[in-house]
1. Semi-axes of the equivalent ellipsoid for the range A:365-496, please: Cα gyration tensor eigenvalues, times 5, square-rooted, ordered largest first, whole Å.
2. Among the lysines, select those whose C-alpha is under 19 Å from the C-alpha of B:LYS41, and discard any that sit fewer than 8 residues away in the same chain.
3. What's the long-distance tail for chain A, i.e. % of Cα pairs beyond 43 Å?
4. What do the square roots of 5 times the Cα gyration tensor eigenvalues come to for the range A:224-263, in whole Å, largest first, as semi-axes of the equivalent ellipsoid?
5. Relative to the other copies, what are the label-point distances for B:ALA167, with labels 7 Å from Cα along the C-beta vector, expressed in nm at one decimal and sorted shortest first?
6. Just counting partner chain Cβ atoms within 10 Å, what average do the residues of peptide B:161-168 show around their Cβ?
7. Suppose the Debye formula is applied to equal point scatterers at every Cα of the range A:93-205; what is log10 I(q)/I(0) at q = 0.19, 0.23 Å⁻¹?
8. Taking the C-alpha atoms of the range A:190-247, how large are the radius of gyration and the largest Cα-Cα span, Dmax, in Å?
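Coordinate-derived values only; no laboratory data. This one's a predicted model, so the numbers in the text were calculated from it and none came from an experiment. Heads up, the Cβs are rebuilt from the backbone with ideal geometry, glycines too, and the neighbour counts pull from every protein chain shown.
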Protein chains: 2
Amino acid sequence: MLTPPNETNAGGLAQALLAPRSVAIVGQSNDAGKTAGRPLKYLRQAGYAGRIYPVNGRRETVLGERAWPSLAALPEVPEHAYIVTGTQDAVEAVQDCGRLGVKIATVLADGFTEAGIAGAARVAQLRDVTARTGLRIVGPSSLGVVNLRAKVMLTANAAFDEHPLPAGRTFAASHSGGMIGALLSRGLARGVDFAGLISVGNEVDLSLGEICAATLDDPAIEGYMLFLESLRHADTLRAFALAAARCSKPILAYKLGRSFEARELAVSHTGALAGEDDVAAAFLADCGIARVDTLDGLIEGLLLLGRVPVRARVAQGARPPQVGVVTTTAGGATMVVDPLAVRGVRIEPPGATTLARLAAAGIAVKPARLIDLTLAGTRYESMKAALDIIVTAPEFDLVLAVVGSSARFHPDLAVKPIIDCAGSAKPLAAFLVPDAPAALAALSRAGVPNFRTPEACADAIAAALNRRAPRLLAAPARSAGAGDGAGWLDELETDALLDRLGIAHAPAVAIDAHGARTPALPFPYPVAVKALAAGIAHKTDVGAIVLGVLDDEALLAAIRQIRASVAERQPGTTVVRVLVQPMISGLGEVLIGYRVDRDVGPLVMAAAGGIFTEIDRDRSLRMAPVDLATAHEMISEVRALTRLAGYRGLPAGDLAALAQAIVALSRLAVMDGPAVLEAEINPLIVRPAGLGVVAVDTLVKLMV
Amino acid sequence: MLTPPNETNAGGLAQALLAPRSVAIVGQSNDAGKTAGRPLKYLRQAGYAGRIYPVNGRRETVLGERAWPSLAALPEVPEHAYIVTGTQDAVEAVQDCGRLGVKIATVLADGFTEAGIAGAARVAQLRDVTARTGLRIVGPSSLGVVNLRAKVMLTANAAFDEHPLPAGRTFAASHSGGMIGALLSRGLARGVDFAGLISVGNEVDLSLGEICAATLDDPAIEGYMLFLESLRHADTLRAFALAAARCSKPILAYKLGRSFEARELAVSHTGALAGEDDVAAAFLADCGIARVDTLDGLIEGLLLLGRVPVRARVAQGARPPQVGVVTTTAGGATMVVDPLAVRGVRIEPPGATTLARLAAAGIAVKPARLIDLTLAGTRYESMKAALDIIVTAPEFDLVLAVVGSSARFHPDLAVKPIIDCAGSAKPLAAFLVPDAPAALAALSRAGVPNFRTPEACADAIAAALNRRAPRLLAAPARSAGAGDGAGWLDELETDALLDRLGIAHAPAVAIDAHGARTPALPFPYPVAVKALAAGIAHKTDVGAIVLGVLDDEALLAAIRQIRASVAERQPGTTVVRVLVQPMISGLGEVLIGYRVDRDVGPLVMAAAGGIFTEIDRDRSLRMAPVDLATAHEMISEVRALTRLAGYRGLPAGDLAALAQAIVALSRLAVMDGPAVLEAEINPLIVRPAGLGVVAVDTLVKLMV
């Protein structure tokens, strides 16, 4: 009954994972109040129609049903086993599953990736099983798998103890097991029902991306909600996102890790290293995955995301999306406008034509950014007439209706008009200022995206409007090797690489660091002198660089100083040659960098230059390679570079050349030749417009 | 029956405003569904025990009660009149109130401060009445005044159509009328009940601060919730905040206006100019008013604020507040930790003693930042034992308990232990990860501050921990005059002012701009040359400055150039003299500034120097004057100044001297002599530690 390893196709995977015809619960407890007692209780409560085999070697019965002594003793091989035992028993149960030909084993126990050396050894045991057999594993540390249509309740999460649970059209996947209960219950409270939910745990075999991808064929699933703690297995997440885009199924993600503390916690409780937050942001944006910052935004936002057309990747010159806001309460509406504007979303006042149409309909509004119906009064007729005009006004890409206190007891006045516009072609969202659960529920029933807090409303609108189509790569980009990288290029080798990329750099001569006199230089003084040695990452820190050297004598002194300083501060490195360059001046200094991130792959960065990049965190990141329009977008995102755009009468820098240099550097992701792990040009001197940019100091590290 | 103008004392004001024995509703409609029909309906529904006089000149009866033809026709002078007529009738009704001796008139109509010249004329009519009579006015644009204990329902807000409404211990005041309905209804949903709510409208007479201050004597009111759109009447808000601090009554504020767009909306719908957001933040912090960013944080946060002891104003060397987090779900807890850490709140891991106590109690936790009970299991005993230890551990100033899915159906496991710790001396807050309304309600009943979203939880905790005692001024600080200011000082006058303040400045010689030769200079070349002319605000912009002048000849050329450039770019200004200064170099350039803000009064600022302050918005603001500890705090808040603190082996700047200069400049707020409206030193050169700071260019504008 063994199938060849890892050849389960997506359809087969989804079926055994989410709609198995038979399930075993290994370690099922007789106490339904305990974690290990829940799965059987939930399956029976939901009315799962398949065959259920509780396995418990210590009891004849569990919860009044026959308990089987072992997986091997079952009358058939179950398709899916949920293993809810302790850690060591779980390893053995997985081995049994592999031996018997079980298709899916979902493992609850912890003690694997997050558990140091002993945990790593257990992970190796699990991987040995998947490599040898057809078994696929969810977890460990998985709180389970739920399919609400098929009544598959293979979960130990306490929030699923409820019947009946409605089946919906959203699929949720979470790194955190606790969160599937939060999504389910908070979704119920907001009229969001799920097709299925999965706690992916440590992803030692099946990754979140693979699992979600396996469900894409299911026409009943219309969108995805992801709760992410890391970007482990970013490759499969990206592949899923691209496939989802092809099916027009939106993906909305909440990702922990804005703060260092949260990233540290991800390590300690899942064993996954979480990268910096702007790397995650660049990756998710690159994949066309919308990202929210609030939990309510995740739960309430997917419906809206599905209504907002996906924007082209980079549309230079296209106008940014514009939101029109119609309201019965200016103060309440401003609570949404404020965080929206902070997120860079444009709140557009009605144009002259729209104002004229409103006036013709007898609706008095002041010409202002909000379409405020206070003067017109809170009446069905005025709200409906105003909405009819606003949802057909070409200046708006999305219409937000904000209703004040009347929404609580008189939804017929200003909420019903929104419901009656639910069919409009334009994306429409509603925020109700008072607590108005009945009106919110009515909006949900009518399919109008609606929000309980102003912050979630702004969060979801911004996420939906900022989403762009995923970037499609002509060739696969590089991924990081196993090791940390090694092999620094020296300055002459980096110059050769820059020549290949087409990035101008300062002329340079290498000279012997022990010579008694200096050769004639092909450029005039003053010059800069640097140790010519691969492996000195921060030349300033070890005194390996002297600037503004004025003549031959000073050059000799500078070389002596560099040799002594490096010998003292970086013992083991001997300076044999130095590099001499002319001093290059320009209007500003920029850092541009490239690196292959361990999780997400090649990235390109533009940042404030000099040694202060780290302090200011004033940088823009994208997945590499990028095109010219993206490079210009990056430049506009770095605050310090505003200074080079001709601010307050200052001469403008050659930002066109800077953009070209960013594009060129990002090509390392797809270029033939030695695989570069990291490259950093700092500073890249930006000269006045038309005069180009010049790389002055470049570090390049190759992959091992 | 006239009382002398404006002599109503606080007690009398509060009584007539919030507990009148008789009320008139001027303009009461016969249609309870209409705005003007609501007050009578609500008063009767609530069972208001005082005398009610509906006034409606066009009807014999309204809602089945006798309608009086006019205020003058009433059998007594009502204490409080709610005027719900249109704009013009409202002005006349206010005049009637003044004539008759009514104590309070609350005005619903708009058409006043936000309505241009016609509105200003109407405001003048209202102010004429208050100046001549004892009448005090709430509004206009007030949706009313509610006192839930006294059943005073003088409101036209649709969300109050509910009975019974519980009376609580929170008083809410709002610039937005719609928001009183939102606060009431959202409060009800979260177990937060109100003593009273008031929509203060345009504050043409009674300001929000005065109204709240009048309620401070009421022992039933324990705290204040403010919804602010501007800082109009900041003086009375400050006075209220100081008085509230003396009574230990906490104030929590939500203030619109983080974005330019929101500030613009405040102007268009209330007529109030809203200042920049960091000015508001500095003012509120200075007054000891805690500020939240989320609506739920406002509603759910006040209870917590009341539990957290107020920190001393500036406690140099005192450790920052530390939060301990105990949880049954790491992923769920991290949702709160992430925004908390982003807001700068320190999440402290348990210390060795605490870990030992946990171990002794048989509770297995890993030594990590979260006290994660996953290993210990979700049981009453382990949660209770852990909480008992954590709430008595000295390393924590506040304890946050985060409960996972069990909270939904089994609050006995991990929510009840929190309730059973409600009496602990340490501030305790709870966040429940799933939707768990019953458990939230139980926590509220037990008085444990609890939160429905992770964002509101983090928001409220940060607001409570960051609050400090209000600053007490020895002498009243300056307030801005009526006009825009005028009277720029010239460079020699500003130097004299800097001498008085004790801020070092560059030596300077004034020389004739038309001389054929230059006098001998008391310092060597190179020098800087500037036009000596009051009123050139941005010297660089008009070419009024030349740097790095090397000799006599170059100096003459520079003077010619400045004369020509100013003549061309700032016609009307003739350069008669120029100022010559030595070129001063240091480790960095800083801007320090002082201004008397129209709303909040004197402010002092530190910012990145040079001409780029405006781009980076990298600045720190405080109300002036400040002490040395505050000045150091400001320096630590400016990103660019990190560079001067000895970063990466760079020489450290004289930050002690910088702090002293900030303190000195801030003394303009209390110093005798000409009243300074604005002063800006840019750049202030920061020299190496021990060598001080030097003001190079200073602009000073006096008040008119």
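1. Three semi-axes, in Å: 49, 17, 14.
2. Cross-link targets: B:LYS151.
3. 40 percent
4. Three semi-axes, in Å: 23, 11, 6.
5. Counterpart label points of B:ALA167 in the remaining copies fall at 5.4 nm.
6. That works out to 1 on average.
7. Normalising to I(0) and taking log10 leaves -0.93, -1.16.
8. 11.6, 34
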